[in-house]
Amino acid sequence: MRFAPAAAALSLALVMTASVTSAGDREADPRAAALIVEGQALLNAGDTQGAIDAFEAALAVDPGYTPIFLNLAEAARQDGLQGKAIKYYREALARDPNNFAAISGEGEALVEKGALEKAKRNLSRLESLCGANCPETVALQSSIAAGPPARLAAETAEAGPTSN
């Protein structure tokens, strides 16, 4: 009898771990899937705010579906909100640490912010996980090679060297 509470807690922990592990490969709730399709159409049409609204609605319907965070991150990047995009990519990575799209997307957003060294760490991680010819690795390599956007490079040059 003295071990019953501990056994119940351990059982609950194992059940939660098993359900979280198996949740990564599941399909989205049909209502969320419809909202994701709507959001992607809006994003392709250039309506980033409409897309973000649709993706956030999908997240409210199905908060356990990790790919929604990738969609939100892409919309945030297109809206020029790289910091917010990085937050969404990191949420996806917290749920699925080896998500190639999230690692690559975060690296590309880091390049867009001018954080090339951090982006190169993502590239190294991708190369070790999926190889040098993986589509995500190639995409991040080309982003790093292109460097930060011209606007950011010009701002950095205008600021000049910083002193400590």
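The values are calculated or read from the model by the stated rules, or taken from the named source; none is laboratory data. This one's a predicted model, so the numbers in the text were calculated from it and none came from an experiment. Using ideal geometry, Cβ is built from the backbone for each residue, glycine included, and neighbour counts are taken over all protein chains shown.
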- line: Of GLY46, GLY24, GLY105, the only residue that is under 21 Å from CYS130 (Cα atoms) and at pLDDT below 95 is GLY24
message: Being more than 22 Å from GLU108 (Cα to Cα), among the aliphatic types (A, V, I, L, M) and over 14 Å from the mean Cα position of the chain (by Cα) is the requirement here; does ALA51 meet it?
response: no
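Which of the residues spanning region 84-124 are among the small types (Gly, Ala, Ser), touching a helix residue (DSSP H, G or I) at 6+ places or on another chain (Cβ under 6 Å) and not in a helix (DSSP H, G or I)?
Across region 84-124, the qualifying residue is only GLY114.
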Residue count for region 125-149, restricted to those that are outside any helix (DSSP H, G or I) and within 18 Å of the chain's Cα centre (by Cα): 1
task: Determine whether region 71-81 contains at least one residue that is touching a residue at least 40 places away in the same chain (Cβ under 8 Å) and either within 11 Å of the chain's Cα centre (by Cα) or within 14 Å of LEU140 (Cβ to Cβ) (or both).
output: no
message: As an exercise: evaluate ALA51 against (1) at pLDDT 95 or above; (2) not in a helix (DSSP H, G or I) and give the number of the one condition it does not meet.
response: (2)
field: Residue list for region 68-80, restricted to those being surrounded by fewer than 18 Cβ atoms within 10 Å (Cβ to Cβ) and on the phi < 0 side of the Ramachandran plot
entry: GLN78, ASP79
